[in-house]
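Here the structure is laid out as structure tokens; the discussion comes afterwards.
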Amino acid sequence: MKSIQFGIPAMVAAVAAALVTVGCGPSGSGGGSEVKIGHVGPLTGGIAHLGKDNENGARLAIEEANAAKTKIDGKEVKFTLVAEDDQADPKVGTTVAQKLVDAKVVGVVGHLNSGTSIPASPIYNQAGIPVISGSATNPKLTEQGFKTQFRVVGRDDQQGPAIASYLATNNKPQTVAVIDDATAYGEGIANEVEKTLKAAKINVLPREKGTDKTTDWKAVLTKLRGRNPDAVFYGGMDATGGPLLKQGRELGIKAVFSFGDGACTDKMKELAGDASEGLLCSQAGIPVDAADKKFLEAYKKKFNADPILYSPFTYDAAKMLIAAMQKANSSDPKKYLPELQKIDFSGATGKISFDGKGDRKDAEMTIFTMKSGKLLPVAVIKGDKSQSYDEFVKGSK
């Protein structure tokens, strides 16, 4: 192989070009051309539709920031979204977290699941990289004391009591069966539901379990049928919750089926068919339809589809990272993190600020029912106050 001769000026130019190509220097200094923001969610597997929805929200925010020729410290920057697939698998989640750290991202939106967010969070924390989840709801995520971890949705110890209280008040069950998918999210929200129901003196049957891959629930449901519950709560995602509901009805279980946000999607109609009619479920935030109209229109125009669940929240998360950088005049995580911690932001999902743990202050919870194949919001719960969705809409205008 022939040696290649470089003069000094040419060599300097080549090195500079290489540094820009790999994203060194400019990303952390607050100036320059490229600032990398990561996004993580499941892009393959049974809940890939939710992961892609979350990614779309973050991507829309990034593209809008670039179109607006956003400046940091007086210099125009180009934001790049580095999207990774964690497959909703904790081990993959930690691998892609380290991959993003190595890629020199300055902030991360994600992960979708609590089960991947929690094991990934120490990796980001050690690297000093701020992370905002738009959908992970397990309380442990922000109870670890990491100053880099935030979320823009409510927690399961808010969501679980909300759906359980609504179920107890409106359906008045005497006996409830609780099932979970053995993930951090599913088990966590099921625990909160069970705790609230027991406090209301409602009989809760011994816990039943599946996995986040279970689609054959007949053995569990046959056991429950013999115990004749008035209601069933499932902590898990729609990919497993849909088959659970469908098979429950096929076995003649007449109980009202209820779910957390992971199975609070229109896909439940696709997976459970007519059995989905009348289900109850909760979401850790305002309904998609109640998000800012400008966001809804931009999402539809960009992706030729409506948002599914938490993309308005990942959109806000990405916007907040950028807003904090602008406030700090730097994309260096050490410099903009203090601005993120004290931010007061008006986004597509309303006003957002964080408490000392990184949780969203005054997060709403919404209760839905399935009617004629569409999820319809019926109540919004904020703190200890519950109001009908119509009342909430009137009050927010």
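The values are calculated or read from the model by the stated rules, or taken from the named source; none is laboratory data. These numbers were taken from a predicted model, which means no experiment stands behind them. Cβ placement follows ideal geometry from the backbone for every residue including glycine, while neighbour counts extend to all protein chains displayed. These area figures cover heavy atoms from the full protein model, side chains too; ligands, DNA and RNA do not enter into them. Shrake-Rupley method; radii C 1.70, N 1.55, O 1.52, S 1.80 Å.
Find how many whole Å separate the alpha carbon centroid of segment 380-395 from the alpha carbon centroid of segment 292-368.
Cα centroid of segment 292-368 versus Cα centroid of segment 380-395: 22 Å apart.
Of 116, 169, 369, which has the most accessible area and how do the rest follow, probe 1.4 Å?
Working: 116 0, 169 90, 369 30 Å².
Largest accessible area first, the list is 169, 369, 116.
Counting Lys and Arg as +1 and Asp and Glu as -1, each charge on the Cβ, what is the dipole of the chain about the Cα centre in debye, to the nearest 20?
On the way: 51 positive and 46 negative charges, 57 e Å.
Magnitude of the dipole: close to 280 debye.
Given a 1.4 angstrom probe, I'd like the percentage of the accessible area of segment 174-278 that is carbon and sulfur, rounded to a whole number.
49
Remind me, relative contact order of the chain in percent, using alpha carbon pairs under 8 angstrom and six or more residues apart? List each step's numbers first, then the result.
Working: 865 pairs, mean separation 67.4, N = 397.
With pairs under 8 Å counted, the relative contact order is 17 percent.
Can you list, bin by bin at 5 Å, the percent of alpha carbon pairs in segment 288-345, starting at 0?
4, 19, 23, 17, 12, 14, 10, 1
Sort 234, 389 by accessible area with a 1.4 Å probe, largest first. Intermediate results must be reported in sequence, preceding the final value.
Numbers: 234 0, 389 35 Å².
Result, largest first: 389, 234.
Which of 58, 317, 177 moves most in a GNM of the chain, Cα contacts under 10 Å?
177
To the nearest 500 deg cm²/dmol, what mean residue ellipticity at 222 nm is calculated for the chain from DSSP H runs of n ≥ 4 alone, each contributing -39,500 (n - 2.57), summed and divided by the residues? Please report the intermediate quantities before stating the final value.
Values: 14 runs with 171 residues, N = 397.
When only DSSP H runs of four or more count, the value is -13500 deg cm²/dmol.
Report the relative contact order of segment 271-397, percent, no decimals, based on alpha-carbon pairs under 8 angstrom and at least 6 residues apart.
Values: 165 pairs, mean separation 35.6, N = 127.
It comes to 28 percent, rounded to a whole number.
Pairwise over distinct Cα atoms, reciprocal of the mean inverse distance: report the Kirkwood radius of the chain in Å, one decimal place.
Values: mean 1/r = 0.0459 Å⁻¹.
Taking the inverse mean of 1/r over all distinct Cα pairs, the chain comes out at 21.8 Å.
Determine by what factor the alpha-carbon radius of gyration of segment 328-397 differs from 2.2 N^0.38 Å, reporting the quotient.
Values: Rg = 16.7 Å, N = 70, 2.2 N^0.38 = 11.1 Å.
Taking N as the residue count of segment 328-397, the ratio is 1.51.
Mind scanning 75/99; 172/218; 223/254; 267/385; 198/394; 267/371 and naming the pairs with a C-alpha gap bigger than 22 Å?
On the way: 75/99 28 Å; 172/218 26 Å; 223/254 14 Å; 267/385 29 Å; 198/394 34 Å; 267/371 13 Å.
Result: 75/99; 172/218; 267/385; 198/394 exceed 22 Å.
Does anyone have the angle between helix 90-102 and the longest principal axis of the chain? Alpha-carbon axes, 0 to 90°, nearest 10?
20
Separation of segment 151-209 and segment 57-114 by C-alpha centroid, Å?
Value for the Cα centre distance between the two parts: 33 Å.
Angle between the Cα long axis of helix 8-22 and the longest principal axis of the chain, 0 to 90 degrees, nearest 10?
Once rounded, the angle reads 10 degrees.
If 211, 314 are ordered by their accessible area, calculated over protein heavy atoms with a 1.4 Å probe, which sequence runs from highest to lowest?
Working: 211 65, 314 0 Å².
Sorted by accessible area, descending: 211, 314.
Under 14 Å from the Cβ of residue 75, count the other residues' Cβ atoms, weight Lys and Arg +1, Asp and Glu -1, and hand me the total. Kindly include the intermediate steps, with their values, before the conclusion.
Details: positive: 69, 71, 78; negative: 34, 73, 76, 332.
Counting the neighbours of residue 75, the net charge comes to -1.
For the chain, modelled as a Gaussian network with Cα springs under 10 Å, which listed residue fluctuates most, 121, 311, 386?
Among 121, 311, 386, the largest GNM mean-square fluctuation belongs to 386.
Mind checking the full-extension length gain between residue 67 and residue 266? Use 0.36 nm per residue of separation minus the Cα-Cα distance, one decimal, nm.
Details: separation 199, 0.36 × 199 = 71.64 nm, distance 3.21 nm.
Answer, rounded to one decimal: 68.4 nm.
Which of the listed residues, 228, 112, 33, is farthest toward the dipole's positive end in the chain, when Lys, Arg count +1 and Asp, Glu count -1 at the beta-carbon?
Going by the charge dipole, the pick is 33.
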